[in-house]
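The values are calculated or read from the model by the stated rules, or taken from the named source; none is laboratory data. Since we're looking at a predicted model, the values are computed, not measured. No Cβ is skipped: glycine too gets one built from the backbone with ideal geometry, and neighbour counts run over all protein chains shown. Surface areas here come from the heavy atoms of the whole protein model, side chains and all, with no ligands, DNA or RNA. Shrake-Rupley method; radii C 1.70, N 1.55, O 1.52, S 1.80 Å.
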Amino acid sequence: MDTNSTLVISIVIIGFFTFQLLFHFVSCWFSAKVSPGFNNLNLKKKIEWSSRVVSTCHSLVVGVVGLYIFWFDEATIADPLWGDPSFVKVNIAVSSSYLISDLFILILYWKVIGDKYYIIHHCTALYAYYFILSEGVLAYIGNFRLLAELSTPFVNQRWFFEALNYPRVSKAYVVNGVLMTAVFFVMRIASIPPLYAYIYSVLGTEAYRRLGALIQCSWISSCVVLDVMNVMWMVKISKGCIKVLSLFRQEKARRSLQNGKLD
């Protein structure tokens, strides 16, 4: 086992236990400190709350690091298929440790937070990450997919607002909803055409042939599965955003009318 493999395995193991620690201990303590309403939640909501706190921590870490790699990692930018994946591997290993940890939590609390789509999403991502970590290929592409995590904090924040019974017409709820929809679209939907345009551009090249049939098929099939799910989620998010904006406008109009009558 070479040094890089040892480092990756170490990161995955340490990351797994770190995320478990965050879920079982840190989240409850921290949440009670910053949000008094947390203590009033029932057990089921506290479990999902902690799961989403860990999800937010993971997404912020890998998302910010992913942006740095996307902009400044010259090796992978110069050669997205075969560029030196050393830095990317660290980020992918952290994300893999989270996915394994979250799968464990999903199974452990299946009756509370179990979701078949999350299982499909996590397993598909882990399958794709395996080739990056083991073969050192497609590092730039793998990191590009990780940028989708930048939308996760907004999705989780919406759930936190709902759990705390924030009014859907409140400014915080509406602003977060608009940002969630915009960031989700940019990071998960608008990125689809450039990705497949790149895949088309490298088809038949020597660098692409060197990947081998298994990695070629795995790369494309995993992207298709993840993107189909992202489109499904985008449709639901868009409908929710439109509904919230409609309610906000109605509430604003109602208040204006009341103020007008008072005047």
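A few points about this structure:
- One residue stands out in region 156-190 among those that are open to solvent by 20 Å² or more (accessible area, probe 1.4 Å) and of a type in the set (Ser, Thr, Tyr): the one that is nearest to Ser27 (Cα to Cα), namely Tyr166.
- Counted residues, region 27-37 - those being touching a residue at least 24 places away in the same chain (Cβ under 8 Å) and in a helix (DSSP H, G or I): 2
- Residue in region 10-22 that is most open to solvent (accessible area, probe 1.4 Å), counting only those that are closer than 21 Å to Ser86 by Cβ and in contact (Cβ under 8 Å) with a residue 60 or more places away in the chain: Ile14
- Count - residues of region 207-246 that are loosely packed, with under 15 Cβ neighbours inside 10 Å and of a type outside the set (S, T, N, Q): 17
- Index of the failed condition, Gly83 passing every other in (1) modelled with pLDDT under 95; (2) under 26 Å from Ala190 (Cβ atoms); (3) in a helix (DSSP H, G or I): (3)
- Residue pairs meeting the criteria (Cβ under 8 Å; at least 6 apart or on separate chains; first of a type in the set (Phe, Trp, Tyr) and at pLDDT 95 or above, in region 116-127; second part of a helix (DSSP H, G or I) and surrounded by 14 or more Cβ atoms within 10 Å (Cβ to Cβ)): Tyr127/Ser218; Tyr127/Ser222
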